[in-house]
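Accompanying notes for the structure given below.
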């Protein structure tokens, strides 16, 4: 059901997603637009490479909170519209709001529609929809990152781990969540196309989590 509450929630979700954490933190505290350096993305990984660990972790945390908060706006629409919190209809509202937030991160109105790749915001959404699966994805991400030092590869495999864990580990009966997980895989492949090409050529940059601010 479309109502003023659901429309307002979708708009708010997009605006939450549009908050350009990397751009604002870089400009406010370092006098740098991270989109002009490194990979050119307004995300946590590029912030980490350009500005260092402290800035990177801060941006990642804020981007996760964007996705988590936007997804949970479903609680404010009203149960009369969304249905019970354990219903398929409620989860559908959560997914719709989360996807809207991710679109806001990719195309932020507050930063000239030049955003990041949306991995942290996607994780915030997964965290809100299925906490156990989110932790499973974190485990995959950390394990791959420790072994390979590639954030892109870690993000890709963690993204693919979500629908697989939903189907084979947690056996979720909610088809919408499974479908969303498959959509995550497609979105990650699209946003990481250049990373995949560099990985195949052996030219992808590895990450140093303890790197200090880079002089630029």
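The values are calculated or read from the model by the stated rules, or taken from the named source; none is laboratory data. The model shown is predicted, which means the values in this text are computed figures rather than measured ones. In this analysis, Cβ positions are derived from the backbone assuming ideal geometry, glycine residues included, and neighbour counts consider all displayed protein chains.
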Here, helices (runs of 4 or more DSSP H) confined to region 46-110 with at least 1 residues that are more than 21 Å from residue 183 (Cα to Cα) are 53-71, 74-77, 79-82
Taking region 124-144 and keeping residues closer than 24 Å to residue 47 by Cα, surrounded by fewer than 24 Cβ atoms within 10 Å (Cβ to Cβ) and within 17 Å of the chain's Cα centre (by Cα) leaves 127, 134, 135, 138, 139, 140, 141, 142
Of (1) assigned to a loop (DSSP other than H, G, I, E, B); (2) at pLDDT below 90; (3) surrounded by 16 or more Cβ atoms within 10 Å (Cβ to Cβ), residue 115 fails just (2)
In region 1-52, anything more than 17 Å from the chain's Cα centre (by Cα), buried (at least 23 other Cβ atoms within 10 Å of the Cβ) and in contact (Cβ under 8 Å) with a residue 40 or more places away in the chain is listed as 9, 50, 51
